[in-house]
Amino acid sequence: MPAGVLIVEDEPEIAELIEFHLSREGMNCSIVHSGRDALAEIRRTPPDLLVLDRMLPDVDGMDVCRRLKSEPSTRSIPIIMVTAKGEDSDVISGIEVGAEDYVVKPFSPRVLVARVTNILRRHDEFLLEDPESSSERVTLFDQRLVIDTARHLVLIDGDEIPLTYTEFSLLRYLASRPGFVRSRDQIISAVHGRSMVLSTRTVDVHVTALRRKLGEFGRCIETVRGVGYRFSDRLPAPMRD
């Protein structure tokens, strides 16, 4: 069955461009031009993936993303945010509210198609995953931090931390071998797949967002200058000003 993609974009030319290229890949696309219409359409027919413009005339993309990720019935819908704002702070803020990935305007349609295809594939793999075969449960720091693979959740002091699929996969990969350094290319391959071509900046953005969500445990994700990242199973002391 073709994947259903909802395109939320207030510029008709861009919306039609996205629809054209995704439809060529066999996806079933729908278009709405406002955040309010997007929320209504998703309530009627939840899509398999959302391509969401950040700047919308009524309810902006950030608020749409925030609302969807706060509702259990729509929390699992992957979101790719399309934005004209390419600063790290803008991209990170989009990822922090729950976007799975981002594409900065002007963008290559081939890049967007690759991102959409990859996220749909990974999402399908997760839905088909046998819980019995992924029952790994990593507990760290006297069980204050729990990574539950079977239920796809992270707990800190018993409270669930809402992570995107990418953030969860990144944390699981780094924490699986504490102390081992992972290059950015290794992280891209493990989290996104070997066929995915992404910039190392994308990895840095996801790491920054993940650190913020983990609070004090974000310090466990250490930067190894010129190489990549490693996860420490000993909580580093806070940096002094």
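The values are calculated or read from the model by the stated rules, or taken from the named source; none is laboratory data. No experiment lies behind these values; they were computed from the predicted model shown. Please note: Cβ atoms are built from the backbone with ideal geometry, for glycine as well, and neighbour counts cover all protein chains shown.
Assorted remarks:
- Identification of strands (runs of 3 or more DSSP E) wholly contained in segment 115-182 with 3 or more residues that are at pLDDT below 90 yields 137-140.
- The residues of segment 7-18 that are out of contact with any helix residue (DSSP H, G or I) (no Cβ under 6 Å at 6 or more places or on another chain) and within 15 Å of M81 (Cα to Cα), listed by number, are D10, E11, I14, A15, I18.
- Single match in G26, G35 (criterion: on the phi > 0 side of the Ramachandran plot and in the same structural domain as V104 (by TED's automatic domain parsing)): G26
- Contact map, segment 215-239: residues that are modelled with pLDDT under 90 paired with residues that are assigned to a loop (DSSP other than H, G, I, E, B), Cβ distance under 7 Å, separation 6+ or inter-chain. Pairs shown: D233/P178; L235/F141.
- Exclusive hit being modelled with pLDDT under 90 and not polar (S, T, N, Q), set G61, G26, G35, G94: G94
- Test: residue in segment 77-90 that is touching a helix residue (DSSP H, G or I) at 6+ places or on another chain (Cβ under 8 Å), within 18 Å of H206 (Cα to Cα), surrounded by fewer than 22 Cβ atoms within 10 Å (Cβ to Cβ) and modelled with pLDDT under 80: yes
- Tabulated pairs, segment 1-29, first without any contact (Cβ under 8 Å) to a residue 40 or more places away in the chain and surrounded by fewer than 16 Cβ atoms within 10 Å (Cβ to Cβ), second of a type outside the set (D, E) and part of a strand (DSSP E or B), C-beta under 6 angstrom, 6+ apart or interchain: P2/N28; S23/C29; N28/G4
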